[in-house]
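Taking it in order: structure first as structure tokens, then the write-up.
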Amino acid sequence: MKFYLTIMQFNNIEAWWIYALLSSIFAALTTIFAKIGVENVNSNLATAIRTIIILVIAWGIVFVQGNAVNIFTIPRKTMIFLLLSGVATGLSWIFYFKALQAGQASLVAPIDKSSLVLVLLFSVIFLGESLTWKIILGTCLVVIGTLVLII
């Protein structure tokens, strides 16, 4: 826990890169652990167990950092979008575990991660982020890479 709290306190501009890299590493481990974990159990039960662990860890961090009182200051619009994000995450996990139970992790993960294409598209449409030639090229490469893996 101390390591996690130390990592979360980076203050420089490049901290997002470290967080993204750590996210990628743990996402990869999530796929491997989940594939093994759903072998002999209903995928919805596996998702529920995983969710309990995440709930305990997330709230533990919130309480240790003293941020629990801030829940009452969250604006309504922000709370609505956080709740919608939670619904989307829950549905994503349910379908991800079902896919892992039925298919190979090496095929399920690239399809799941191809959501990057939708994130890039949605970030331009809904968030007004710029679309550059690098983003277009990178997105095309992700699509091509995903197709190569699954075909």
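Tabulated results
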| read-out | value |
| --- | --- |
| Test: residue 119 is open to solvent by 80 Å² or more (accessible area, probe 1.4 Å) and out of contact with any Lys or Arg (no Cβ under 9 Å at 6 or more places or on another chain) | yes |
| Candidate set: segment 5-20, residues that are open to solvent by 80 Å² or more (accessible area, probe 1.4 Å) and either part of a helix (DSSP H, G or I) or modelled with pLDDT of 90 or more (or both); chosen: the one farthest from residue 112 (Cα to Cα) | 6 |
| Failed item in (1) in contact (Cβ under 8 Å) with a residue 60 or more places away in the chain; (2) touching a Leu at 6+ places or on another chain (Cβ under 9 Å); (3) of a type outside the set (Ser, Thr, Tyr), with residue 32 passing the rest | (2) |
| Filter pass, residue 131 being open to solvent by 80 Å² or more (accessible area, probe 1.4 Å), part of a helix (DSSP H, G or I) and either at pLDDT below 95 or among the hydrophobic types (A, V, I, L, M, F, W, C) (or both) | no |
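So that you can scan it fast, the table gives a plain yes or no per residue for (1) under 14 Å from the mean Cα position of the chain (by Cα); (2) open to solvent by less than 60 Å² (accessible area, probe 1.4 Å):
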| site | (1), (2) |
| --- | --- |
| 23 | yes, no |
| 35 | no, yes |
| 42 | no, no |
| 77 | no, no |
| 91 | yes, no |
| 100 | no, yes |
| 115 | yes, yes |
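The values are calculated or read from the model by the stated rules, or taken from the named source; none is laboratory data. This is a predicted model, so every value here is computed, not measured. Every residue, glycine among them, receives a Cβ derived from its backbone with ideal geometry; neighbour counts consider all protein chains shown. Areas reflect the complete protein model, heavy atoms only, side chains present, ligands, DNA and RNA absent. Shrake-Rupley method; radii C 1.70, N 1.55, O 1.52, S 1.80 Å.
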